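Colleague: Quick one: the structure is below, questions incoming.
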Amino acid sequence: MAKIHEGDIIRKLREGRNWSREHLAEKAKLRPNTIGDLEKYGAKNLQTMRAAANALGFEVEDIFYQLKEAEKPKPRLPEDLNDATIKLSALYISNPRGFQSVSRTMDDWLGEEVREKLATYYTHSNDLSWIPCYESIPAGDSREIYTPGQTWIIVNRNEVKKSQYALRVDGDSMEPDYRTGDIILMDQYQEPRDGSVVAALIDGSESTLKVYSRQKDEITLTPINKEGYKPRVYHAARVSIQGVLIDLIKRGK
């Protein structure tokens, strides 16, 4: 087996964001063939690796840390449990409604001990992470929603914090950027800034996905799709930010 190098880490981070080499090159202000050489042969100089890492939201030290972690022996997950988790995750992505009956009892089925083992396994895999996912956040008129509870989903990301979770989008007010069925990654502890896409809870009961901005004691929640939707302004005391959008995990069908 070929020895893993820092270019492999860059590639996995890029693929985890669904970026092309050309897109990463544009963000890093490098040539596409430079990114290709970096991923294929490893870093020839620190400046190139730093530019690519920074474009992905990481420092060079983070890349070396992930490289060190990737070289550690990966704990083996029992084959039957591994097959089950892969099938459950595939079911969730392809047929979320059919998965709901499973999701309601999934925590009991797994148990805390097994779930911790799964989290350890996927953390060491350096490819996948096991994170909570919720159904769903409306991207339309803010309205009261019913969520059947927390489920779990396996995502192809190298760095997932405990404060992060996934949401499935429902509605068209955030099109074309975010559509019904899209799975997005949120961070509940990240502070929103003007222009951030947030999951907002209004009056303790109505949830919505919108672009955030604030002026003094007023928060404006703005749709991306301006056809049929208008910005809405609320007093800050009425709005609780449940999370800031970090990334798009998967496009809906």
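The values are calculated or read from the model by the stated rules, or taken from the named source; none is laboratory data. Keep in mind it's a predicted model, so treat the numbers as computed, not measured. In this analysis, Cβ positions are derived from the backbone assuming ideal geometry, glycine residues included, and neighbour counts consider all displayed protein chains.
Colleague: Restrict the check to segment 102-118 and report whether at least one residue is more than 24 Å from L185 (Cα to Cα), surrounded by 11 or more Cβ atoms within 10 Å (Cβ to Cβ) and either of a type in the set (K, R) or at pLDDT 60 or above (or both).
Modeller: Scanning segment 102-118 turns up no residue that is more than 24 Å from L185 (Cα to Cα), surrounded by 11 or more Cβ atoms within 10 Å (Cβ to Cβ) and either of a type in the set (K, R) or at pLDDT 60 or above (or both).
Colleague: Of the residues T222, T208, only one is in contact with a Pro (Cβ under 8 Å, 6 or more places away or on another chain) and under 15 Å from Y134 (Cβ atoms); which? Full working, then the answer.
Modeller: Working: T222 fails: under 15 Å from Y134 (Cβ atoms).
Step by step, each of T222, T208 is checked, and only T208 is in contact with a Pro (Cβ under 8 Å, 6 or more places away or on another chain) and under 15 Å from Y134 (Cβ atoms).
Colleague: Among the candidates V211, V197, single out the residue that is within 18 Å of the chain's Cα centre (by Cα), modelled with pLDDT of 90 or more and under 27 Å from D62 (Cα atoms). Show your work before the answer.
Modeller: On the way: V211 fails: under 27 Å from D62 (Cα atoms).
The unique qualifying residue is V197.
Colleague: What number goes with the only condition from (1) within 19 Å of the chain's Cα centre (by Cα); (2) within 17 Å of L67 (Cα to Cα) that L38 does not pass?
Modeller: Of everything listed in (1) within 19 Å of the chain's Cα centre (by Cα); (2) within 17 Å of L67 (Cα to Cα), L38 misses just condition (1).
Colleague: Quick one: is K210 of a type outside the set (A, V, I, L, M, F, W, C), exposed (fewer than 13 other Cβ atoms within 10 Å of the Cβ) and touching a strand residue (DSSP E or B) at 6+ places or on another chain (Cβ under 9 Å)?
Modeller: Values: of a type outside the set (A, V, I, L, M, F, W, C): yes; exposed (fewer than 13 other Cβ atoms within 10 Å of the Cβ): no; touching a strand residue (DSSP E or B) at 6+ places or on another chain (Cβ under 9 Å): yes.
So K210 fails the test.
Colleague: Just checking, how many residues over segment 234-251 are free of Cβ contacts under 8 Å to residues at least 40 places away in the same chain and either surrounded by fewer than 12 Cβ atoms within 10 Å (Cβ to Cβ) or under 20 Å from the mean Cα position of the chain (by Cα) (or both)?
Modeller: First, pick out the residues of segment 234-251 that are free of Cβ contacts under 8 Å to residues at least 40 places away in the same chain: 234-239.
Next, only the ones that are either surrounded by fewer than 12 Cβ atoms within 10 Å (Cβ to Cβ) or under 20 Å from the mean Cα position of the chain (by Cα) (or both) stay: 235, 237.
Final tally of qualifying residues: 2.
Colleague: Just the residues that are closer than 22 Å to I249 by Cβ and either touching a Lys or Arg at 6+ places or on another chain (Cβ under 7 Å) or modelled with pLDDT under 85 (or both), please, taken from segment 22-60.
Modeller: Once the filter is applied, which keeps residues that are closer than 22 Å to I249 by Cβ and either touching a Lys or Arg at 6+ places or on another chain (Cβ under 7 Å) or modelled with pLDDT under 85 (or both), segment 22-60 yields L24, E39, A55, L56, G57, F58.
Colleague: Residues that are surrounded by 15 or more Cβ atoms within 10 Å (Cβ to Cβ) and touching a Leu at 6+ places or on another chain (Cβ under 7 Å): which helices (runs of 4 or more DSSP H) entirely in segment 1-70 hold 3 or more of them?
Modeller: Values: elements: 6-16, 21-28, 32-41, 46-55, 60-70.
So the answer is 6-16, 46-55.
Colleague: Next question, about the same structure. List the strands (runs of 3 or more DSSP E) inside segment 176-253, counting only whole elements, that have at least 3 residues being among the polar types (S, T, N, Q) and in contact with a Ser or Thr (Cβ under 9 Å, 6 or more places away or on another chain).
Modeller: Numbers: elements: 183-187, 197-202, 206-215, 218-222, 232-235, 239-250.
Once the strands (runs of 3 or more DSSP E) in segment 176-253 are filtered for at least 3 residues that are among the polar types (S, T, N, Q) and in contact with a Ser or Thr (Cβ under 9 Å, 6 or more places away or on another chain), what remains is 206-215.
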